Amino acid sequence: LDTLDLQEAKKKLLQSPLIVSVSLQKRPPSSLYVDYTIRIPVAFALDFVNTAMDEKRHLFPFSPFFSPKNLPEIYLGPELIKNSLEGFQLKGEPVDLAFSILEWVKSFEDGSFRIQRVDVSSAYNPSLGQRDLVLRLENTSLGTLHTLRLSRLGYRKEIANYFKLRKTQLHVSEDKVIDLRLAQLAYIE
């Protein structure tokens with residue numbers, strides 16, 4: 001304990017992507033007190049194996065550090081991930097877009113659905129016909145999926161329209177693909 005350099009030990013612990021902050025104290029005659037804070041997972045990073053991210057978009061290993069959780073998955077795809085990854089953190093417009101969609105959908109939370117996945121891998125596709133965001137919502141009581149195809153610029157209105165449609169017209173007992181990218185239309189497959 002006498003030869004332990006607390007600053008060096010703290011520096012090594014902070015190199016772990018899981019640890020946010022740490023403090024160390026020597027407690028003579030032979031104890032070391034370690035107080036640390038770990039990141040709180042808010043979504044899985046589907047582009048990686050066993051990887052979660054916190055609200056600040058830091059990536060860290062999920063298992064074996066956390067119990068199983070039903071967190072939403074975020075998928076950027078190979079093209080967007082290479083421009084968004086800086087060390088252990090995701091940065092840039094595609095990541096901000098995915099988190100913005102998560103926050104917007106949570107504003108409609110009523111306990112009847114769970115956000116399963118936000119896929120922004122085609123959000124910046126040069127072809128307008130192939131450009132979309134994909135949002136997968138699971139009906140929590142029936143286990144059915146609604147896959148929404150949304151536009152990058154109009155997703156807020158399109159999601160709001162989906163929840164209006166869901167209340168009045170949409171049978172939630174079946175899996176559906178719903179394309180809301182065109183104004184005033186909903187293509188339901």
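The values are calculated or read from the model by the stated rules, or taken from the named source; none is laboratory data. Quick caveat: nothing in here was measured; it's all calculated off a predicted structure. All accessible areas refer to the heavy atoms of the entire protein, side chains included, with ligands and DNA or RNA removed. Shrake-Rupley method; radii C 1.70, N 1.55, O 1.52, S 1.80 Å.
Listed by number, the DSSP H helices of the chain that run 18 Å or longer by alpha-carbon position along their axis and have mean Kyte hydropathy of at least 1.6 come to an empty list. The phi-based Karplus calculation (6.51 cos²θ - 1.76 cosθ + 1.60; θ = phi - 60°) puts the 3J(HN,Hα) values of the stretch 114-121 at 10, 6, 8, 8, 10, 10, 10, 5 Hz, whole numbers, x for Gly and Pro. Note that the stretch 4-147, at 20 °C in a medium of 1.002 mPa s, gets a Stokes-Einstein diffusion coefficient of 124 µm²/s from its Kirkwood radius over C-alpha pairs. Expressed to the nearest 5 percent, the antiparallel share of DSSP beta bridges inside the stretch 64-189 is 70 percent. Just checking the listed ones, Phe99, Phe113, Phe48: in the Gaussian network model of the chain with Cα springs under 10 Å, the one fluctuating most is Phe48. Calculated accessible area for the stretch 7-95 comes out at 62 Å² per residue, all protein chains present (probe 1.4 Å; ligands, DNA, RNA ignored).
Gaussian network model of the chain, Cα springs within a sub-10 Å range: biggest mean-square fluctuation belongs to which of Gln89, Gln25, Gln130? Fluctuation is largest for Gln25. Largest GNM mean-square fluctuation across Ile81, Ile38, Ile101, computed for the chain with C-alpha springs under 10 Å, falls on Ile38.
Over the chain, DSSP H runs of length four or greater, each weighted -39,500 (n - 2.57), average out per residue to a 222 nm ellipticity of -7000 deg cm²/dmol. The slack between Leu165 and Leu1, meaning 0.36 nm per residue of separation minus the straight C-alpha distance, is 52.5 nm.
For the stretch 65-129, the square roots a ≥ b ≥ c of the C-alpha gyration tensor eigenvalues yield an a/c of 1.5 or more together with a/b not exceeding b/c, which makes the shape oblate.
Using C-alpha pairs below 8 Å separated by at least 6 residues, the relative contact order for the chain is 11 percent.
In terms of its alpha-carbon gyration tensor, the stretch 67-189 comes out oblate; a/c meets the 1.5 threshold, while b/c is at least as large as a/b.
Across the stretch 23-39, computed HN-Hα scalar couplings (Karplus, 6.51 cos²θ - 1.76 cosθ + 1.60, θ = phi - 60°) run 9, 10, 9, 7, 10, x, x, 8, 10, 10, 9, 10, 10, 9, 10, 9, 5 Hz from first to last residue, x flagging Gly and Pro. Of the solvent-accessible surface of the chain, computed with a 1.4 Å probe over protein heavy atoms with every protein chain present, carbon and sulfur atoms account for 53 percent. For the pair the stretch 73-104 and the stretch 115-152, the centres of their Cα atoms are 15 angstrom apart.
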